[in-house]
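The values are calculated or read from the model by the stated rules, or taken from the named source; none is laboratory data. Keep in mind it's a predicted model, so treat the numbers as computed, not measured. Here the Cβ is made from the backbone with ideal geometry for all residues, glycine too, and neighbour counts use every protein chain on show.
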Amino acid sequence: MAHLGVQRDALGRYLAAVDARWPLEAAWLVGSRARGDELIDSDYDLVLVSPSFAGVPWIRRVVEVAAPWELDVPVQPLPFTRDELARKRREIGTIAEAMRDAMRLDGAVLAPEVVFMDPA
């Protein structure tokens with residue numbers, strides 16, 4: 001099966017909308033779309049880092065961050081503060097595993113084109 005890729009324009013608009021409410025320090029695409037083995041209905045798994053998430057209950061973060069999503073396939077936002085993500089990356093679990101194949105989304109909020117880089 002051919003690689004379906006990422007809808008860069010829509011992803012850039014989404015990240016800009018999230019950034020307007022929750023100023024982002026970093027964003028990573030993880031999961032099947034980052035690995036290139038997505039199916040036609042695969043969701044977008046996004047690790048999002050913002051200091052504004054501090055003190056906000058997890059479910060509220062997820063619901064509010066998912067709200068501006070406009071694509072027909074689902075989004076799975078994973079909103080963390082920098083310290084929360086650092087802890088999750090040290091643990092044995094889903095986030096640590098996902099971050100191994102992550103693609104950092106640099107410039108997505110500031111420019112219409114998403115530039116993929118290795119995770120920091």
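Considering the range 10-25, the residues that are among the small types (Gly, Ala, Ser) and modelled with pLDDT under 90 include one that is surrounded by the most Cβ atoms within 10 Å (Cβ to Cβ), namely Gly12. Against the numbered list (1) surrounded by 16 or more Cβ atoms within 10 Å (Cβ to Cβ); (2) part of a helix (DSSP H, G or I); (3) free of Cβ contacts under 8 Å to residues at least 40 places away in the same chain; (4) not small (Gly, Ala, Ser), Glu38 comes up short only at (2). The single residue among Gln7, Gln76 that is surrounded by 12 or more Cβ atoms within 10 Å (Cβ to Cβ) and in contact (Cβ under 8 Å) with a residue 60 or more places away in the chain turns out to be Gln7. A search for C-beta distances below 6 Å between a residue of the range 87-104 that is under 12 Å from Asp45 (Cα atoms) and any residue that is assigned to a helix (DSSP H, G or I), counting only pairs 6+ apart in sequence or on different chains, returns Ile95/Lys88; Met99/Arg89; Asp101/Ala34; Asp101/Arg35; Ala102/Ala34; Met103/Ala34.
Residue check: Arg60 meets all listed conditions (1) more than 18 Å from Leu15 (Cβ to Cβ); (2) basic (Lys, Arg); (3) surrounded by 20 or more Cβ atoms within 10 Å (Cβ to Cβ) but one, namely (3). Screening the range 34-66 for residues that are in contact with a strand residue (DSSP E or B) (Cβ under 6 Å, 6 or more places away or on another chain) and within 21 Å of Arg100 (Cβ to Cβ) and picking the one that is modelled with the lowest pLDDT gives Ala34.
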